[in-house]
1. Can you find even one residue in segment 96-116 that is under 17 Å from LEU196 (Cβ atoms) and either in contact with a strand residue (DSSP E or B) (Cβ under 9 Å, 6 or more places away or on another chain) or not hydrophobic (A, V, I, L, M, F, W, C) (or both)?
2. Answer yes or no: is there a residue in segment 160-180 that is of a type outside the set (Val, Ile, Thr), assigned to a strand (DSSP E or B) and open to solvent by less than 60 Å² (accessible area, probe 1.4 Å).
3. Search segment 70-113 for residues being β-branched (Val, Ile, Thr), touching a Phe, Trp or Tyr at 6+ places or on another chain (Cβ under 9 Å) and closer than 30 Å to LEU60 by Cα, and hand back the single one that is surrounded by the most Cβ atoms within 10 Å (Cβ to Cβ).
4. What pairs can you find where one residue is in segment 35-60 and under 14 Å from VAL22 (Cα atoms), the other is open to solvent by 70 Å² or more (accessible area, probe 1.4 Å) and not in a strand (DSSP E or B), and their Cβ atoms are less than 6 Å apart, with a gap of 6+ or different chains?
5. Could you say whether any residue in segment 19-33 is open to solvent by 80 Å² or more (accessible area, probe 1.4 Å), modelled with pLDDT of 95 or more and in a helix (DSSP H, G or I)?
6. What tally of residues in segment 195-225 results from selecting those that are small (Gly, Ala, Ser), without any contact (Cβ under 8 Å) to a residue 40 or more places away in the chain and either open to solvent by 30 Å² or more (accessible area, probe 1.4 Å) or more than 23 Å from ASN142 (Cα to Cα) (or both)?
7. What is the one condition in (1) in contact (Cβ under 8 Å) with a residue 60 or more places away in the chain; (2) part of a helix (DSSP H, G or I) that ARG89 does not satisfy?
8. Here is a list: TRP147, TRP228. Which entry is open to solvent by 20 Å² or more (accessible area, probe 1.4 Å), within 23 Å of the chain's Cα centre (by Cα) and at pLDDT 95 or above?
Amino acid sequence: PQLLGSRVREGWPEVADFNDHVMKVALSGGTLSFKDQELTLYRHGEPEQVWMDLDYSPVLGDDGRPAGVLAVVIETTERVAAERVVRQREARLRFFDRLAQATQDLSDAREIMAVTTRLLGEELHGSVCAYADMEPDEDVMNIRADWTADGSASIAGTYSLAGFGSTARRALLAGHPFVTRDTLAELGTDEGGALLSLGLGATVCMPLTRGGKLRALMALHSKEPRLW
């Protein structure tokens, strides 16, 4: 309700540029129509991805010239989100099928992980995809197989989990995913130094625990910040 009487640009500052275009076209006598238009709105105090069918047309004044804009809005977020979930599930099943076929005749662990990291990295459009097994001390980790996209370097080698900072170590030892969307902004150069030195601007690292012990890690990295 507080939007009533407000200026369009001030009422929805997060989509000001979009509304500038709408107002320019409609006040010039044109019409606009958008199907499942994706927008980011702050309706509940935080950014929210929404999809809408939008139709805009000019409202004529007494002199026959455009004096306002009529907007007809139908939110389609629920439907679009449901359709995306279905497509994502189908894509995931296709990937698992492709992975199973690619590894079914392999017996060497290194070959299996080389194929797996390559297919997973390509599927999720990462910069580096790596698998590491943990030593019994749950600190030393050996990256035995990794895949790199063009422009990224291999990170295969032996590392100390503690060297990747307390945030990563605490999460992974507890069996929780370790995720950064912008390593530098979230961890800073001190704690995020090891990741940044490897060119990892964002990361998703998944732990494998058995018997209460951290046994292995699987990670996808991006050299640039990324909203996973």
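1. No: zero hits.
2. The answer is yes, given that some residue of segment 160-180 is of a type outside the set (Val, Ile, Thr), assigned to a strand (DSSP E or B) and open to solvent by less than 60 Å² (accessible area, probe 1.4 Å).
3. Here the residue is THR76.
4. Between residues of segment 35-60 that are under 14 Å from VAL22 (Cα atoms) and residues that are open to solvent by 70 Å² or more (accessible area, probe 1.4 Å) and not in a strand (DSSP E or B), the close pairs are SER57/THR31.
5. Among the residues of segment 19-33, at least one is open to solvent by 80 Å² or more (accessible area, probe 1.4 Å), modelled with pLDDT of 95 or more and in a helix (DSSP H, G or I), which makes the answer yes.
6. 3
7. Of (1) in contact (Cβ under 8 Å) with a residue 60 or more places away in the chain; (2) part of a helix (DSSP H, G or I), only one is false for ARG89: (1).
8. Only one candidate passes the filter, namely TRP147.
The values are calculated or read from the model by the stated rules, or taken from the named source; none is laboratory data. Fair warning: this is a prediction, and the values are worked out from it, not measured in the lab. Positions of Cβ are backbone-derived with ideal geometry, glycine not excepted, and every protein chain shown enters the neighbour counts. Just so you know, the surface numbers come from the protein's heavy atoms only, side chains and all, with ligands and any DNA or RNA stripped out. Shrake-Rupley method; radii C 1.70, N 1.55, O 1.52, S 1.80 Å.
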